[in-house]
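The values are calculated or read from the model by the stated rules, or taken from the named source; none is laboratory data. Note that the coordinates shown come from a computational prediction; the quantities given were computed from them, not determined experimentally. Ideal geometry is used to build each Cβ from the backbone, glycine not excepted, and the neighbour counts take in all protein chains shown.
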Amino acid sequence: IQQAAEILKQGGLVAFPTETVYGLGANGLDAVACKKIYEAKGRPSDNPLILHIAEKKALYDIVKSVSKKAEKLIDAFWPGPLTIVFEKADCVPLEITGGFSTVAVRFPSHTVAQALIQAAHLPIAAPSANSSGKPSPTKASHVIFDLDGKIDMIIDGGDAEVGLESTIIDVSGEIPMLLRPGAVTKEMIESVIGKIEIDPTVLTKPSQTLIPKAPGMKYTHYSPKADVILVQGNDLQKVQQKIQELVNDSTQKVGILATDQTKDSYNCEIVLSLGDRQNLEQIGANLFKHLRKFDFLGVEVVYSETVPQKGEGLAIMNRLQKAAGYKMITLS
Ligand code: AMP
Ligand code: MG
């Protein structure tokens, strides 16, 4: 931790575990250090970074003000997988906010992340530690695969518990807006601050007229090399039948993204189960790992089941739709 903190203080890059996914950290107040994040990831410069802190009082140095609703969310969900957007203080460089006057801030619950941020004694800018566009890393080996040779250090903290990026909320408007769904669900947030809205691009393909408020959400994301096609329907048996038909008709190397309830019913060489359909936390934790596994196995097309968009299911479907480039077969 001391060694990693030194690297950060001197303007270097350290990948570290958090409860959501692995982050690629740099001194968040140093525009030159943060530029290296963009270079290592191949990230477009208009895609802003999240600043990570390890004590609540560090927030007041990097934002202009904290609203009542934001305070309530902080008390309820920090430390944890919730990112909140604030008006930025002057010390936060525009280079890390994509030129916006706002900054996104999170206080992670992972003890290694907390120890590192405390030791560096800095707000740490840290997007996911993957190559831009690839599924986010949930293991140190994913980070090595994408970024080895491009960064100064990786701290291996085992598998990320949540496995999906943080929920992002903007509470600056009259009605708070969910910009990216995650493990802190819409329902959980509404139980603390009342009704919120969901950015329409969470579940609909962004376009020239439908531009996401979180700039990163406009990019193709979370995509394996394989083509991903989702098959959705109310009747799970019909979904299974349809996927089996598609697999039978395919001339490419195919894989199926299934669940514990369905995995044994398929006749296909490569079937990966996301977990128990009743356990969305488990499905969320396995999603990116499995998308990367299909690439590793040389799969060309993945047919995937879907989950209901309730609770963490909203975040899972958001990531699945992006991985699929919104290709979905809906059964009547
Ligand atoms: P990553 O850490 O790779 O998941 O990327 C951070 C995400 O936070 C990006 O996709 C951005 O869209 C979002 N984000 C960061 N700063 C802001 C901001 N000021 N306003 C809205 N979204 C933001
Ligand atoms: Mg990312």
Given (1) over 21 Å from the mean Cα position of the chain (by Cα); (2) modelled with pLDDT under 95, where does residue 241 come up short, assuming only one miss? (2)
May I ask you to list pairs of residues, at least six apart or on different chains, whose Cβ atoms are under 7 Å apart, with the first in the stretch 125-146 being at negative phi and part of a strand (DSSP E or B) and the second being within 13 Å of ligand 1 (Cβ to nearest atom) and hydrophobic (A, V, I, L, M, F, W, C)? 125/26; 125/34; 125/37; 125/49; 125/51; 125/96; 128/21
Test for residue 255: is it surrounded by 14 or more Cβ atoms within 10 Å (Cβ to Cβ) and assigned to a loop (DSSP other than H, G, I, E, B): no
Counting only residues that are in contact with a strand residue (DSSP E or B) (Cβ under 9 Å, 6 or more places away or on another chain) and either under 29 Å from residue 250 (Cα atoms) or of a type in the set (Phe, Trp, Tyr) (or both), the stretch 191-228 contains a total of 4
Scanning the stretch 158-169 for residues that are crowded, with 20+ Cβ neighbours inside 10 Å and not polar (S, T, N, Q), the one nearest to ligand 2 (Cβ to nearest atom) turns out to be 165
Among the residues of the stretch 179-200, is any farther than 15 Å from residue 82 by Cα and within 12 Å of ligand 1 (Cβ to nearest atom)? yes
Within the stretch 230-245, residues being under 20 Å from residue 297 (Cα atoms) and buried (at least 17 other Cβ atoms within 10 Å of the Cβ) number 2
Looking at the stretch 266-332, what strands (runs of 3 or more DSSP E) fall wholly within it and have at least 1 residues that are small (Gly, Ala, Ser) and modelled with pLDDT of 95 or more? 271-273, 301-304
From the list 21, 85, exactly one residue is modelled with pLDDT of 95 or more and assigned to a loop (DSSP other than H, G, I, E, B). Which is it? 21
Would you please name the residue that is surrounded by the fewest Cβ atoms within 10 Å (Cβ to Cβ), looking only at residues in the stretch 114-149 that are within 12 Å of ligand 1 (Cβ to nearest atom) and under 16 Å from residue 4 (Cα atoms)? 124
Only residues in the stretch 165-178 that are within 23 Å of residue 109 (Cα to Cα) count as the first member; pair them with residues that are away from ligand 2 (no atom under 16 Å from the Cβ) and small (Gly, Ala, Ser), Cβ under 9 angstrom, at least 6 apart or cross-chain, and list the lot. 166/80; 169/70; 171/67; 171/70
Kindly establish whether residue 228 is of a type in the set (Val, Ile, Thr), under 18 Å from residue 134 (Cα atoms) and not in a loop (DSSP other than H, G, I, E, B). yes
